[in-house]
1. Is it fair to say E4 is at pLDDT below 95, surrounded by 10 or more Cβ atoms within 10 Å (Cβ to Cβ) and part of a helix (DSSP H, G or I)?
2. Does A27 satisfy the criteria of being within 13 Å of the chain's Cα centre (by Cα), under 22 Å from V118 (Cα atoms), loosely packed, with under 11 Cβ neighbours inside 10 Å and of a type outside the set (D, E, K, R)?
3. State the number of residues belonging to region 97-116 that are of a type outside the set (S, T, Y) and either in contact with a strand residue (DSSP E or B) (Cβ under 8 Å, 6 or more places away or on another chain) or touching a residue at least 24 places away in the same chain (Cβ under 8 Å) (or both).
4. Residues of region 79-96 being under 13 Å from L60 (Cα atoms) and hydroxyl-bearing (S, T, Y), which ones?
5. Out of all the residues in region 30-79, which are farther than 12 Å from M113 by Cβ and charged (D, E, K, R)?
Amino acid sequence: MTTELTSKRRTERILSRANLRFAGHFAEMIVAMLVGMLALGPLWSLAAPGLTDRPDLAALIMAANMTAGMALWMVLRRHSWPRVAEMSAAMCLPFVALLLPYWLGAITGGTLMIAGHVLMVAFMLAAMLYRRADYSHHTA
């Protein structure tokens, strides 16, 4: 009975650590996205002034900046290229999907930006949960 209880506690501890690593990895990726957005955003203003005045282009550029920061972080953490590509797609697809409703006038530029970011985080989390072992046990 004691061995069974000890084994159960050990399993709970391992699962708890894996969940903490998963949550930590998610937080790291959010920070990397913010860094990408803050670091690359001003470059667009210098390179092509006025380009981000259009909400659709601003959303796509911001998605690209955030994806670049996240992808760089994943490469530094030694994730495989397929995982980097998968996460990059998960981050960009929500914005791309929202472009048609925006162009048709069904949603505003503000809605495009807000909904795109909310869906980006949701799609990221879904991709991470789909490959949970990659994000819970990754030790690089």
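The values are calculated or read from the model by the stated rules, or taken from the named source; none is laboratory data. The structure displayed is predicted, hence computed values, not measured ones. Here the Cβ positions follow ideal geometry from the backbone for every residue, glycine too, while neighbour counts run over all protein chains shown.
1. no
2. Values: within 13 Å of the chain's Cα centre (by Cα): yes; under 22 Å from V118 (Cα atoms): yes; loosely packed, with under 11 Cβ neighbours inside 10 Å: yes; of a type outside the set (D, E, K, R): yes.
It is true that A27 is within 13 Å of the chain's Cα centre (by Cα), under 22 Å from V118 (Cα atoms), loosely packed, with under 11 Cβ neighbours inside 10 Å and of a type outside the set (D, E, K, R).
3. 8
4. Taking region 79-96 first, the residues under 13 Å from L60 (Cα atoms) are 88-89, 91-96.
Scanning region 79-96 gives a single hit, S88.
5. D53, R77, R78 - these are the residues of region 30-79 that are farther than 12 Å from M113 by Cβ and charged (D, E, K, R).
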